[in-house]
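Contents: one structure, followed by commentary.
The values are calculated or read from the model by the stated rules, or taken from the named source; none is laboratory data. This is a predicted model, so every value here is computed, not measured. Every residue, glycine as well, gets a Cβ built from its backbone with ideal geometry; the counts of neighbours run over all protein chains shown. Remember, those area values only see protein heavy atoms, side chains included, never the ligands or the DNA or RNA. Shrake-Rupley method; radii C 1.70, N 1.55, O 1.52, S 1.80 Å.
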Amino acid sequence: MGIGVSSVPMARAVANTGNLGVVSGTAIDSVLARRLQDGDLTGEIRWALTHFPDQNTVNEVLERFFIEGGKKSEASYLDVPKLSLSPTPFANEMLIIANFVEITLAKRDCHGVIGVNFLEKIQLATPASVFGAMLAGVDYILMGAGIPADIPGLINELMVGNTVHFKIKVEGADTPHLLTFDPSIIHNVNYENLVRPKFLAIVSSHILANYLARDPETRPDGFVIEGPTAGGHNAPPRSKEHIGLDGQVTFTEKDLADFEKVKAVGLPFWLAGGYGTPEKVAEALEIGAAGVQVGSLFALSNESGIIDELREEVLQQVADDALEVRTEPKTSSTGFPFKVVEINGTASDPDVYQSRDRKCDLGYLRSPFLRPDGGIGYRCSAEPVKTFEFKGGTAEEAHDVKCLCNALMANIGLGQTRWGTYHEPPLLTLGSDLAGAKEMSDQYGGAWSAADVINYLTSKI
Ligand SMILES: Cc1cc2nc3c(=O)[nH]c(=O)nc-3n(C[C@H](O)[C@H](O)[C@H](O)COP(=O)(O)O)c2cc1C
């Protein structure tokens, strides 16, 4: 769960129960840069960096971002370079090192398996991020929010240190452009020691599962089949009439995978989205799933990356049966529906949203597009409307879109501070099926650990 919600302590705690613990690789270069600017007070990042093969790169990163004792609270964070089709070596090094650090830390004092999650939509970060994760010996790579057809091939090439030419969708272009990534920018890598991670594609339909499995070039090692109640982004709905009277995205039977057809594909699969109760876990196993992927219960656990103040507010609302989670059609600039928790003081609050000056300084969700002069531009419908229009977007597209990059960094206590006083507001996401959260709230007195979630979920199998 990104950004930084599936944190190191959570992934490690889950892995140590014998299950798969997953860290988020989304925007992890910014997470690392900001943690270093906050002084890395526990020293754990610098500990992980001592294990990175190329110490020249480590020194470059520390020189750029590490502040002994932490930056002044009113100072703004210095940002990492934005993603692009022609990144500088340093931009790639940040992605590699940040993924390496996160996975190295999750694997510290851990006797289980660790995975990393990436979003297909953030294609420009993919090759360097996957490579960094592989250098740390990640066991599983999981990718959702798109069609991750090129990942098995990418892993194969990186295993032997080949330069890769990764396909990037460019809006307005007839054919994909290629992002060239040369792993030899990192020195002293012993490729013989790399262990191939397994790859799980997160999809919502049996049709997509079947499509990916048909060709050995695109075939993953398994699937997470994610339904429309899942937290974060959801797959776009299939029916044309999909906005309800309350403005939310509505899903129909057509949006649900046929599990018999998923089973017929012949690869292991895990079910996600509303599988956060012992009964639903038992049901998933009965259907033939290898297990479940659970988000919301862990996002609310003590090991979550979400700042305590927000998490406690949500837990209280769960306890009071007062929590509202909406499936918003416009919030995410990806165009995918996005689940939003309604909390005053966050960007779900219209006053907070209106009072924020639009700014696109992190840019993970920018899409490359073909400019009229034949060059490549980058745009995001959450950026200032005039800028977006100048780049060929429309005010209608930009309407109601929120800056997930800045908000999700604020959720984990790494939000940007501007002009000494302005703090980027958070925006929380959770799944809309909170039956398990309510039951755990009653059973565990309103707060729980990641290990409690595992005990609860496995109590009926
Ligand atoms: C706070 C939060 C953040 C999430 N972020 C991501 C993400 O970055 N990538 C992803 O593939 N899924 C993400 N998800 C979806 C979860 O991985 C999981 O599939 C989903 O939440 C399962 O449904 P549940 O919440 O009903 O358990 C997120 C979910 C939550 C609650």
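Out of (1) near the ligand (Cβ under 9 Å from one of its atoms); (2) farther than 15 Å from Ser432 by Cα, the odd one out for Pro268 is which?
(1)
Of all residues in region 2-24 being open to solvent by less than 20 Å² (accessible area, probe 1.4 Å) and assigned to a loop (DSSP other than H, G, I, E, B), which is farthest from the ligand (Cβ to nearest atom)?
Result: Ser7.
Tally up the residues in region 422-445 that are in a loop (DSSP other than H, G, I, E, B), out of contact with any Gly (no Cβ under 6 Å at 6 or more places or on another chain) and farther than 12 Å from Leu315 by Cα, please. Steps first, please.
Of all residues in region 422-445, those in a loop (DSSP other than H, G, I, E, B) come to 424-434, 444-445.
Next cut, out of contact with any Gly (no Cβ under 6 Å at 6 or more places or on another chain) only: 425-428, 432, 434, 444-445.
Next, from what is left, pick out any that are farther than 12 Å from Leu315 by Cα: 425-428, 432.
Residues in region 422-445 being in a loop (DSSP other than H, G, I, E, B), out of contact with any Gly (no Cβ under 6 Å at 6 or more places or on another chain) and farther than 12 Å from Leu315 by Cα: 5 in total.
So which residues in region 296-335 are out of contact with any Gly (no Cβ under 6 Å at 6 or more places or on another chain) and among the β-branched types (Val, Ile, Thr), if there are any at all? Don't jump to the end; show me each part of the working.
Initially, region 296-335 is screened for residues out of contact with any Gly (no Cβ under 6 Å at 6 or more places or on another chain), giving 298-304, 306, 308-314, 316-318, 320-335.
Within region 296-335, Ile306, Val314, Val318, Val325, Thr327, Thr331, Thr334 meet the criteria.
Could you look through region 176-194, keep only residues that are assigned to a loop (DSSP other than H, G, I, E, B) and open to solvent by 90 Å² or more (accessible area, probe 1.4 Å), and pick out the one that is nearest to Leu85 (Cα to Cα)? Steps first, answer last, please.
Taking region 176-194 as the starting set, the residues that turn out to be assigned to a loop (DSSP other than H, G, I, E, B) are 176, 182, 186-190, 194.
Next, from what is left, pick out any that are open to solvent by 90 Å² or more (accessible area, probe 1.4 Å): 187-188.
On the way: His187: 23, Asn188: 26 Å.
Checking each candidate, the answer is His187.
Collect the residues in region 426-440 that are farther than 21 Å from Gln248 by Cβ and near the ligand (Cβ under 9 Å from one of its atoms), keeping them in residue-number order.
Gly436
Results for (1) without any contact (Cβ under 8 Å) to a residue 24 or more places away in the chain; (2) within 16 Å of the ligand (Cβ to nearest atom); (3) under 15 Å from the mean Cα position of the chain (by Cα); (4) surrounded by fewer than 19 Cβ atoms within 10 Å (Cβ to Cβ), shown as yes or no for each residue.
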position: Thr26; (1), (2), (3), (4): no, yes, yes, no
position: Arg46; (1), (2), (3), (4): yes, no, no, yes
position: Thr50; (1), (2), (3), (4): yes, no, no, yes
position: Pro89; (1), (2), (3), (4): no, no, no, yes
position: His111; (1), (2), (3), (4): no, no, no, yes
position: Val130; (1), (2), (3), (4): no, yes, yes, no
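For the structure I just gave you, tell me whether Thr429 is buried (at least 23 other Cβ atoms within 10 Å of the Cβ), touching a residue at least 40 places away in the same chain (Cβ under 8 Å) and polar (S, T, N, Q).
Working: buried (at least 23 other Cβ atoms within 10 Å of the Cβ): yes; touching a residue at least 40 places away in the same chain (Cβ under 8 Å): yes; polar (S, T, N, Q): yes.
Spelling it out, Thr429 is indeed buried (at least 23 other Cβ atoms within 10 Å of the Cβ), touching a residue at least 40 places away in the same chain (Cβ under 8 Å) and polar (S, T, N, Q).
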